[in-house]
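Take a look at the structure set out below.
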Amino acid sequence: SISKLQNLYKIELFQNNLTGEIPREFANLTLLQEFDISLNQMYGELPPEIGNLKKLTVFHLYNNNFSGELPSGFGDLHHLMAFSIYRNKFSGEFPEKFGRFSPLNSIDISENKFSGGFPKYLCENGNLKYLLALDNNFSGELPDTYSVCKSLERLRINQNHLSGKIPEGLWALPYAKMMDFSDNDFSGGISPHIGVSTSLNQLILLNNQFSGKLPSDIGRLTQLERLHLSNNDFSGKIPSEVGTLQHLSSLFLEENSFTGSIPVELGRCARLVNLNLAWNSLSGSIPDIFSQMSTLNSLNLSGNKLTGSIPKDLQKLKLSSIDLSNNQLSGRVPSDLLTMGGDRAFVGNKGLCIDEYSRTRVNSGMAVCDRVDGHKGFVRHKLLMFCIILSALVVVLCGLLLVSYWNSKLTEPDRETDLGGEKEIDPKWKLESFHPVEFDADEICNLDENNLIGSGGTGKIYRLDLKKDGGTVAVKQLWKRNGVKVLAAEMEILGKIRHRNVLKLYACLMKGGSSFLVLEYMENGNLFEALHREIKGGQPELDWQQRYRIALGTAKGLAYLHHDCFPSIIHRDIKSTNILLDEDYEPKIADFGVSKTAEGSLWVSESSCFAGTYGYMAPGEF
């Protein structure tokens, strides 16, 4: 057996189908330095003798079914650098002296059942870069020993029962890219020392009891992309310095106690996609500059004390969701915003009204504005539509001439070596990212067949629980025979679309001949399956109201593709299996592998004039 190989210093058996327990005889391998049996189906408790392997530097057994307590001997190791046991069932208190004598560089004990106080000495030797302990049952305060842990780059201790204030020095981590303290019972405020953490990419504090004012020093976090402070008790004004964060894509401040007006400086966040300031005590008007935020996809200002009118030019944005309900707004609701959000996006504003034309078009129940003004608005709307159509025709004509000119000079680029905007994440990988999402290339490469959720004409689809981001995505592995062509099609179509009824594409990856799409995960599968599923008593899963909402949402998605995209996008394979349903049964149009643009883009139009599923022509073709 392996335990008889006395000179063995390295065991790598990860990602196999191993079962059973770790033999006690492994303790005889006294020269063992690296031990990795991750991604198997092993179980049972760790033999106490394992903690006596004094030369261990690497110990990995993540993604198994081990249980029980960790051997206390791990606390006496002097050479341990990397320790990863996430996604097991370990319980009890963590060894008290763990890390005290080791040059620990990374530790991941996430998704277990550890309890008691948080370990004190993980950064005792000042080398720790990655500390991940999310989704456990740790309680009490965070030890002050971490105040001097300046080497940290990633800190995730969310989803525990930790309380008290964050140690002052822990806000000032010059190399930290992510701090996630969410879903605990932390209190106190954010220290002004946060301005030292200039490398910070994500600051996530939601669902705690943090309070006080936001320090203006947040404006020094120039690399920040995600600021999530929802469901706390922050107060005072939103610092105008937030508007200097040019990389910010998500700002979630809902369910706090912020007061004052919305800073107009927020309109300078050139990459902001999601803005949620709901359920605070904000007053004043909606800044007109918001109409210039071309990347904005979701806007929620509900549950405040906002006054004045809704900026008319907000309807020029390509928003997939908007909620201005429960404020004190007045005046006319722009017709396109009403079409986008429906009545529920504006309820609770007694002073809002709509014109007769909008009421007829969207079947709204909102109050109608004065008839004279309504008629004038109708005429103005018609004149505006005429000007827009005329301008669009001129733009299309110029575009066609330009495309014709370039087509005469350019040949089609090689698909596998010329994916624009790619960045290297690994010498073997190429990545094209469209939305901020945290994942490792190895997660995509090591897809588990047990997580296969579907297979179709363009590839296989897997469910993947992300370790870093904490969310769930779907990964489509494209068939090699047409992977590059389909990858190019889906990149061109989904990569530039922002609509609540079109499936979101997070990223594309290529490795050698393999191509992968990282997509939004849909909990309720596709429409075909839902129509044929039954619940208790033999009743169909979807009632008529849900079916109506699915049909309406699908129609909105198609209308967006046909009329609001430039050039227009024709799906060419609309069917029930390509309509996916999220946890609320909101429909998302998917599978753009055979789509084309109205102008016949070079990348997408290589398929024949008839495309889609054999046996019928998709309604999108007509």
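The fraction of all Cα pairs in the stretch 1-165 landing in successive 10 Å bins from 0 to the largest distance is 11, 40, 36, 11, 1, 0, given as whole percents.
Under the 0.36 nm per residue contour assumption, what length would be gained going from the current alpha-carbon distance of S455 and D144 to full extension? Walk me through the intermediate numbers first.
Working: separation 311, 0.36 × 311 = 111.96 nm, distance 5.09 nm.
Going from the current span to full extension adds 106.9 nm.
Quick check on the exposure proxy: order S294, S139 from fewest to most C-beta atoms within 10 angstrom. The partial results should precede the final answer.
Numbers: S294 11, S139 15.
Fewest-to-most Cβ neighbours within 10 Å comes out as S294, S139.
Using a cut-off of 28 Å between Cα atoms, the listed pairs K4/K129; K177/K556; K120/K467; K318/K460; K150/K467 include K4/K129; K177/K556; K318/K460 as exceeding that distance. Between E69 and Q6, what length in nm is gained on full extension when 0.36 nm per residue of separation is reduced by their alpha carbon distance? Extra length available between E69 and Q6 comes to 20.0 nm. The mean sequence separation of alpha-carbon pairs under 8 Å and at least six residues apart, normalised by the residue count of the stretch 170-266, gives a relative contact order of 24 percent. The simple spin-label model puts a point 7 Å past each Cα toward its Cβ; for A367 and A559 those points are separated by 2.6 nm.
Report the calculated FRET efficiency for L18 and T295 (r = Cβ-Cβ distance, R0 = 51 Å), to the nearest 0.05. Step by step, r from the Cβ atoms, then E = 0.60. Set against the 2.2 N^0.38 Å expectation for a compact globular protein, the stretch 240-358 has a Cα radius of gyration ratio of 0.98. Cβ crowding within 10 Å, taken as a proxy for footprinting-reagent exposure, orders Y9, Y560 from fewest neighbours to most as Y9, Y560.
Return the loop-located chymotrypsin sites (Phe, Trp or Tyr not before Pro) in the stretch 148-221 (DSSP other than H, G, I, E, B) with at most 16 other Cβ atoms within 10 Å of their own Cβ; answer none if there are none. Filter output for the stretch 148-221: Y175. Between S216 and H161, the modelled label-to-label distance comes to 4.2 nm, taking each label 7 Å out from Cα in the direction of the beta carbon.
Each of N446 and A551 was given a label point 7 Å from its Cα along the Cα-to-Cβ line. The distance between the two points is 4.7 nm.
Each reported figure results from applying straightforward, stated rules to the coordinates on display, with no laboratory input. All values derive from a computational prediction rather than experimental measurement. A quick note on method: Cβ atoms are made from the backbone with ideal geometry, for glycine too, and the neighbour counts reach across all protein chains shown.
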